[in-house]
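The structure appears below as C-alpha cells.
The values are calculated or read from the model by the stated rules, or taken from the named source; none is laboratory data. Not measured: the values here are computed from a predicted model. Note: ideal-geometry Cβ built from the backbone for every residue, glycine included; neighbour counts use all protein chains shown. Only protein heavy atoms, including side chains, enter the accessible area calculation; ligands, DNA and RNA are left aside. Shrake-Rupley method; radii C 1.70, N 1.55, O 1.52, S 1.80 Å.
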Amino acid sequence: MKAIRTILFLALLGIFLQPVFTQAQATEKQATVKVSGEVTTPLELKLSDIQQMAQTTVVRKDRDGNDHSYSGVVLATILQKAGATMGKDLKGENLTKYVSVEASDGYQVIFALAELDKDFTDRTIILADMIDGKPLAAGDGPFRIIVQDEKKPARCIKMVTAIKVGFAK
C-alpha cells in the first residue's frame, strides 16, 4: 500500500512540475540582450536576431593558453543598429559616452564608446554566441563579450543580458 502511495505521489508530482520545467526551458531559449540608454532605437535582441546579423570570428586564448574561435556580432554593429553615436558623429561631448555591459550574475564591465568604433581602433570586440563552432556553454552564454587581443580576460564578460550606453558626465 505504501509503495502505491509513493508511486501515485511521484506521478502527481511529475504532472505538476512538468510545466515548470517546460517554462524554464522556454525561458532559457528566449534569452535576450537589451540595448538601451543613449540610443535612438532601444533593442531587445534574441539569439535568432543575433544569428541573422553579420557574423565575425575572433580567436582568443583561454586560461590555459589554448586558442578558441568565438563567433558573433561586432558590438559596434549592434550599437549602430540601436542608433548609438558612432563614426563621424563620435566627437566632442559624445567622446564622454561609455558602454556598460551587464551579466545575469550582476557582473559589469565598461568600455569607452570610442573603444568600439572602427574610426578609433582596429580591435575587434564581439557579442559571441558560439565557441569553436558550438553554442556557448550554459555558464558562459548564451551571450558573451569577447575582447580580441586584450591581455586579461576581465572584460570578456559571460552571460550578457544588457548593454547600456551612457554619458560619463
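So in the stretch 117-136, with the set limited to residues that are among the acidic types (Asp, Glu) and buried (at least 17 other Cβ atoms within 10 Å of the Cβ), which one is farthest from VAL73 (Cα to Cα)?
Taking the stretch 117-136 first, the residues among the acidic types (Asp, Glu) are 117, 119, 122, 129, 132.
If we keep only those that are buried (at least 17 other Cβ atoms within 10 Å of the Cβ) too, we end up with 117, 129.
On the way: ASP117: 14, ASP129: 9 Å.
It comes out as ASP117.
For every residue, the table says whether it meets (1) open to solvent by 80 Å² or more (accessible area, probe 1.4 Å); (2) free of Cβ contacts under 8 Å to residues at least 24 places away in the same chain.
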{"residue": "VAL35", "(1), (2)": "no, no"}
{"residue": "PRO42", "(1), (2)": "yes, no"}
{"residue": "ARG60", "(1), (2)": "no, no"}
{"residue": "ASP67", "(1), (2)": "yes, yes"}
{"residue": "VAL74", "(1), (2)": "no, no"}
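Residues checked against (1) surrounded by fewer than 17 Cβ atoms within 10 Å (Cβ to Cβ); (2) touching a Phe, Trp or Tyr at 6+ places or on another chain (Cβ under 8 Å); (3) under 19 Å from ALA54 (Cβ atoms); (4) not hydroxyl-bearing (Ser, Thr, Tyr):
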residue	(1), (2), (3), (4)
LEU95	yes, no, no, yes
ALA103	no, no, no, yes
GLN108	yes, no, no, yes
GLU115	no, no, no, yes
ALA138	yes, no, no, yes
PRO142	no, no, yes, yes
GLN148	yes, no, yes, yes
LYS151	yes, no, no, yes
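Looking only at strands (runs of 3 or more DSSP E) that lie completely in the stretch 12-119, which have at least 2 residues being among the β-branched types (Val, Ile, Thr), in contact with a strand residue (DSSP E or B) (Cβ under 9 Å, 6 or more places away or on another chain) and at pLDDT 95 or above?
Because the criterion is at least 2 residues that are among the β-branched types (Val, Ile, Thr), in contact with a strand residue (DSSP E or B) (Cβ under 9 Å, 6 or more places away or on another chain) and at pLDDT 95 or above, the strands (runs of 3 or more DSSP E) in the stretch 12-119 that meet it are 32-37, 56-61, 67-74, 97-103, 108-112.
Mind checking which residues of the stretch 155-169 are at pLDDT 95 or above and outside any strand (DSSP E or B)?
Answer for the stretch 155-169, where residues must be at pLDDT 95 or above and outside any strand (DSSP E or B): ARG155, CYS156, ILE157, LYS158, MET159.
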